[in-house]
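K.L.:
What follows is a structure written as structure tokens; I'll ask about it next.
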There are 2 protein chains.
Amino acid sequence: MRIAIDAMGGDLGPRATVGGAARALSADSRLDIVLFGQQSRLNSEIARLPRSLAAAASRLQVENVDAVLADSQQPAWALRHGGDTSMARMLACVASGKAAAGVSAGNTGALMALARHTLGTVAGITRPAISTAIPTCNEGRCYLLDLGANVDVGPGRLVEFARMGDAMARHVDGLQRPRVALLNVGVEGTKGSPTVKEADRRLRELVDIHYIGYVEGDGIFSGAADVVVCDGFTGNAVLKASEGLAKMLVARVQATFEAHWSSRLVGLLARPALMRLRDELDPVRYNGASLLGIRGIVVKSHGSADAAGFHYAVARAAQEVRRDLPRRLAVS
Amino acid sequence: MRIAIDAMGGDLGPRATVGGAARALSADSRLDIVLFGQQSRLNSEIARLPRSLAAAASRLQVENVDAVLADSQQPAWALRHGGDTSMARMLACVASGKAAAGVSAGNTGALMALARHTLGTVAGITRPAISTAIPTCNEGRCYLLDLGANVDVGPGRLVEFARMGDAMARHVDGLQRPRVALLNVGVEGTKGSPTVKEADRRLRELVDIHYIGYVEGDGIFSGAADVVVCDGFTGNAVLKASEGLAKMLVARVQATFEAHWSSRLVGLLARPALMRLRDELDPVRYNGASLLGIRGIVVKSHGSADAAGFHYAVARAAQEVRRDLPRRLAVS
């Protein structure tokens with residue numbers, strides 16, 4: 001299986017993408033990877049890989065692309081002028097069938113716009129969505145969508161999000177009967193906007209989805225649901241706020257420990273565990289986010305992901321390929 | 001200064017409200033408190049107060065009200081049938097001027113509906129909002145509003161929320177020039193719904209508010225703004241999700257420490273600090289939430305607040321009285 005990678009995106013650029021790609025190859029012997037980006041920079045990063053990854057790196061292929069889409073570029077600009085960038089060439093490689101999936105840590109809006117343009121959408125899906133797996137209390141995970149692709153949505157879109165989240169949890173995670181919930185400001189039937197109430201009514205009529213009704217924001221983390229559906233404005237705000245809170249909490253725990261002499265030792269003991277926790281709880285950095293509803297598999301790695309984070313995004317893409325996700329979305 | 005308390009609301013009922021009221025009296029010698037609720041239950045809770053609070057408890061007055069508004073009651077039901085409940089009588093006491101402010105841990109929707117009905121709204125404010133102070137990275141705080149009173153809002157409401165948040169930060173917290181931001185899915189001007197873009201345009205025209213533009217969800221916790229404004233659906237989802245995440249994080253940190261023998265000691269050392277952190281990071285439980293734009297001061301304590309949490313809500317109400325908040329909202 002070949003994965004195409006936009007090696008120039010993200011805050012760390014090739015340092016994270018080349019390292020992450022090599023790790024993914026090392027962990028999965030059935031993978032091949034083609035990197036799109038500035039050849040000289042990619043080759044120098046490949047040369048700097050640790051010896052332990054050298055064998056895996058022989059399965060890295062480099063396709064030279066000089067132009068890079070800046071993180072600040074608007075989706076509309078990307079559509080008009082982004083044709084020969086590393087991101088667009090990666091997507092074209094997926095569209096041609098030469099790669100089974102694509103991964104980028106670049107600008108999300110541009111990636112979504114170019115992916116729709118290049119790959120199209122799955123039959124029956126009006127608008128693609130962005131989703132990621134959030135860690136839950138019971139060591140499980142919950143797919144939250146949409147995360148920002150659609151800021152103004154009607155009930156029909158929310159039902160589509162529910163179908164896509166269900167397919168993801170069912171086919172990629174192997175859940176028999178994923179519990180699908182609608183995010184609301186209360187769990188009583190009288191709460192919420194007209195859009196949410198109408199989506200609730202339509203979801204109750206579906207027989208092929210295990211719809212469990214409303215959850216409030218804490219239901220995302222409580223393990224009460226496997227899929228939580230909301231508009232992209234709310235989903236984006238919740239995800240970004242969670243990132244901010246996780247960062248603050250870890251810093252506060254650290255500071256609390258270090259405030260007292262006796263706690264300094266605790267801080268030293270605790271620091272590695274806390275850092276690991278922060279990474280795990282930063283779901284997009286950890287898991288990558290899937291562009292759902294695109295006719296092809298595209299995973300967005302977090303802009304600030306390091307090599308470990310980028311590796312997870314590549315592994316996520318490979319998993320979606322093996323589970324044949326786009327076809328599952330179409331028939332679900 | 002007299003504060004009126006609905007002593008029957010909240011998950012813990014009189015156990016939390018009577019204890020919290022006594023603590024508030026003990027901490028602030030200029031306060032008097034009148035408790036509305038079932039006399040026999042309130043008196044038995046008062047009799048069970050620790051000796052250290054006995055002197056303060058002599059400033060607790062009990063007004064017998066037999067009926068209690070159930071947490072499950074809808075606002076519309078509360079308006080029609082809630083007239084002789086502990087919540088309604090507490091609000092009537094504020095409306096009559098016999099108390100300077102009111103506090104309840106009961107149903108938020110019913111409290112907002114009854115408060116609007118009984119006290120009316122401040123001149124120039126179309127719809128009241130709910131706000132609380134969220135702790136930030138730099139040991140500061142950020143007022144987030146609306147938290148659920150208004151799920152469908154236009155740009156005009158968002159501008160009103162900005163004015164109310166500004167008045168709160170300026171007059172209650174004493175900030176000279178609070179930084180007011182609008183929550184969005186990106187910080188670029190092209191991002192967001194038409195409502196958010198129009199609110200942004202109008203806020204830029206205001207000369208008396210220090211409007212700093214868009215923030216994303218992580219901006220609530222980063223210390224970048226003193227006031228963050230959004231619709232009630234998003235604000236509620238962000239707040240509830242933050243509560244859920246904080247709970248999960250603290251549990252995970254604890255579990256991480258306890259997973260190894262050497263860490264058990266760490267867990268024992270860390271547990272008190274972690275519990276305190278969890279409480280501080282649960283902003284509504286800690287601070288209470290203010291009903292802003294009501295012609296009178298009403299503070300909502302968290303439904304699951306204990307005596308310490310309820311004490312903070314009472315102290316918050318007293319602070320808003322001293323800073324003359326409703327009049328500030330009207331002239332701001």
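Nothing in this text is a laboratory measurement; each read-out follows from the coordinates by a stated rule. Everything numeric here is computed off the predicted structure, so don't read it as measured data. Positions of Cβ are generated from backbone atoms using ideal geometry, with glycine treated the same way; all protein chains shown enter the neighbour counts.
K.L.:
Nm distances between the label at A:M1 and the same-position labels in the remaining copies, 7 Å along Cα→Cβ, shortest first?
P.N.:
For A:M1, the other copies' label points sit at 6.3 nm, shortest first.
K.L.:
Using the Karplus curve 6.51 cos²θ - 1.76 cosθ + 1.60 with θ = phi - 60°, work out ³J(HN,Hα) for each residue of region B:94-107 in order, rounded to whole Hz, and write x for Gly and Pro.
P.N.:
With coefficients 6.51, -1.76 and 1.60, one gets 5, 4, 6, x, 6, 10, 7, 7, x, 9, 9, 9, x, 3 Hz.
K.L.:
Turning to a different aspect of this structure: Could you tell me which of rounded, prolate or oblate describes region A:1-71, using a ≥ b ≥ c as the square roots of the eigenvalues of the alpha-carbon gyration tensor, with rounded for a/c under 1.5 and, failing that, prolate when a/b is larger than b/c and oblate otherwise?
P.N.:
prolate
K.L.:
Looking at the protein assembly as shown, what % of its DSSP beta bridges pair antiparallel, to the nearest 5?
P.N.:
Antiparallel bridges make up about 25 percent of those DSSP assigns within the protein assembly as shown.
K.L.:
Additional query: Between A:T190 and A:R51, what length comes free when the chain is fully extended (0.36 nm per residue of separation minus the Cα-Cα distance, one decimal in nm)?
P.N.:
The A:T190-A:R51 span can extend by a further 43.9 nm.
K.L.:
Distances from A:R201 to the same position in the other copies: list them in nm, one decimal, shortest first, using label points 7 Å from Cα along Cα→Cβ.
P.N.:
So the distances to the same position in the other copies read 3.3 nm.
K.L.:
Could you derive backbone 3J(HN,Hα) for region B:152-163 from the dihedral phi with the Karplus parameters 6.51, -1.76 and 1.60 (θ = phi - 60°), listing whole Hz in sequence and x where the residue is Gly or Pro?
P.N.:
Taking θ as phi minus 60°, the curve returns 10, 10, x, x, x, 5, 4, 5, 4, 4, 4, 5 Hz for region B:152-163.
K.L.:
Taking 8 Å as the Cα distance limit and 6 or more residues as the minimum spacing, I'd like the relative contact order of region A:131-283 as a percentage.
P.N.:
Computed over region A:131-283, the figure is 31 percent.
K.L.:
Here is a follow-up. Taking the Cβ of each residue in B:S29, B:S44, B:S86, A:S222 as the centre, tally the other Cβ atoms inside 10 Å and list the residues starting with the fewest.
P.N.:
Neighbour counts put them in this order, fewest first: B:S29, B:S44, A:S222, B:S86.
K.L.:
Would you please give the residues with an amide H less than 5 Å from that of A:G120, counting only those at least 5 places away or on a separate chain, with H modeled from the backbone geometry?
P.N.:
Distant-sequence amide H within range of A:G120: A:R295.
K.L.:
While we're looking at this one, here's another question. What span do the alpha-carbon atoms of region A:1-121 cover on each of the three principal axes, reported in whole Å from largest to smallest?
P.N.:
On the principal axes, region A:1-121 reaches 42, 25, 19 Å in Cα extent.
K.L.:
About the Cα centre of the protein assembly as shown, how large is the charge dipole given +1 on each Lys and Arg Cβ and -1 on each Asp and Glu Cβ? Please answer in debye to the nearest 20.
P.N.:
So the magnitude is around 480 debye.
K.L.:
Can you give me the long-range amide H partners of A:D32? Hydrogens built in the peptide plane at 1.01 Å from N, cutoff under 5 Å, separation of 5 or more residues or another chain.
P.N.:
Excluding prolines and chain starts, which carry no amide H, the hits are A:R2, A:I3.
K.L.:
Taking a point 7 angstrom from the Cα of B:D32 along the C-beta vector, which residues in region B:49-72 have backbone N less than 18 Å away?
P.N.:
So the set is B:55-64.
K.L.:
If amide hydrogens are placed 1.01 Å from N in the peptide plane, which non-local residues have theirs closer than 5 Å to the one on B:V298?
P.N.:
B:G102, B:L291
K.L.:
Over the C-alpha atoms of the protein assembly as shown, what are the Rg and the largest Cα-to-Cα span, Dmax, in Å?
P.N.:
Gyration radius and largest Cα-Cα distance of the protein assembly as shown: 26.6, 82 Å.
K.L.:
Before anything else, pin down the relative contact order of chain A: Cα pairs under 8 Å, at least 6 apart, normalised by residue count, whole percent.
P.N.:
So the answer I get is 24 percent.
K.L.:
Using the count of nearby Cβ atoms within 10 Å as a rough guide to exposure, how do B:M87, B:M248, B:M8 rank from fewest to most?
P.N.:
Sorted ascending by nearby Cβ count, the order is B:M248, B:M8, B:M87.
K.L.:
Where in chain B is the longest stretch that carries no trypsin sites (Lys or Arg not before Pro) classed as loop by DSSP and with at most 14 other Cβ atoms within 10 Å?
P.N.:
That would be B:99-332.
K.L.:
Quick one: grab Rg to one decimal and Dmax as a whole number for chain B, Cα atoms only, in Å.
P.N.:
For chain B, the Cα radius of gyration and maximum Cα-Cα distance read 20.3, 62 Å.
K.L.:
Identify all lysines with a Cα-Cα distance to B:K300 below 29 Å; exclude those on the same chain that are fewer than 8 residues away in sequence.
P.N.:
Result set, ordered by chain and number: A:K191, A:K197, A:K240, A:K247, B:K98, B:K240, B:K247.
K.L.:
What percent of all Cα-Cα pairs in region A:84-166 falls in each 10 Å bin, counting up from 0?
P.N.:
The distribution over region A:84-166 is 15, 41, 33, 10, 0, given as percents.
K.L.:
For region A:131-283, just the Cα set please: Rg and Dmax, both in angstrom.
P.N.:
Cα-based Rg and Dmax for region A:131-283 come out at 18.0, 61 Å.
K.L.:
GluC sites (Glu not before Pro), restricted to region B:174-211: which are DSSP loop and have at most 14 other Cβ atoms within 10 Å?
P.N.:
For GluC sites (Glu not before Pro) across region B:174-211 that sit outside H, G, I, E and B with at most 14 neighbouring Cβ atoms in 10 Å, the list reads B:E188.
K.L.:
Right, something else. As a test, work out the antiparallel percent of DSSP beta bridges whose residues both lie in chain B, rounded to the nearest 5.
P.N.:
The antiparallel fraction comes to roughly 25 percent.
K.L.:
With θ taken as phi - 60° and the coefficients 6.51, -1.76 and 1.60, list the Karplus ³J(HN,Hα) couplings across region A:46-55 in order, rounded to whole Hz; mark glycine and proline as x.
P.N.:
Per residue, the Karplus-derived 3J(HN,Hα) values read 5, 5, 8, 5, x, 4, 5, 9, 4, 4 Hz.
K.L.:
Percent antiparallel among DSSP beta bridges with both residues in region B:126-286, to the nearest 5?
P.N.:
Taking every DSSP beta bridge with both residues in region B:126-286, the antiparallel ones total about 30 percent.
K.L.:
Shifting gears a bit: In nm, to one decimal, how far is the modelled label at B:R201 from the one at B:D152, with both set 7 Å along Cα→Cβ?
P.N.:
2.2
K.L.:
In nm, what does the list of distances from A:S44 to its counterparts in the other copies look like, shortest first, when each label sits 7 Å along Cα to Cβ?
P.N.:
7.9
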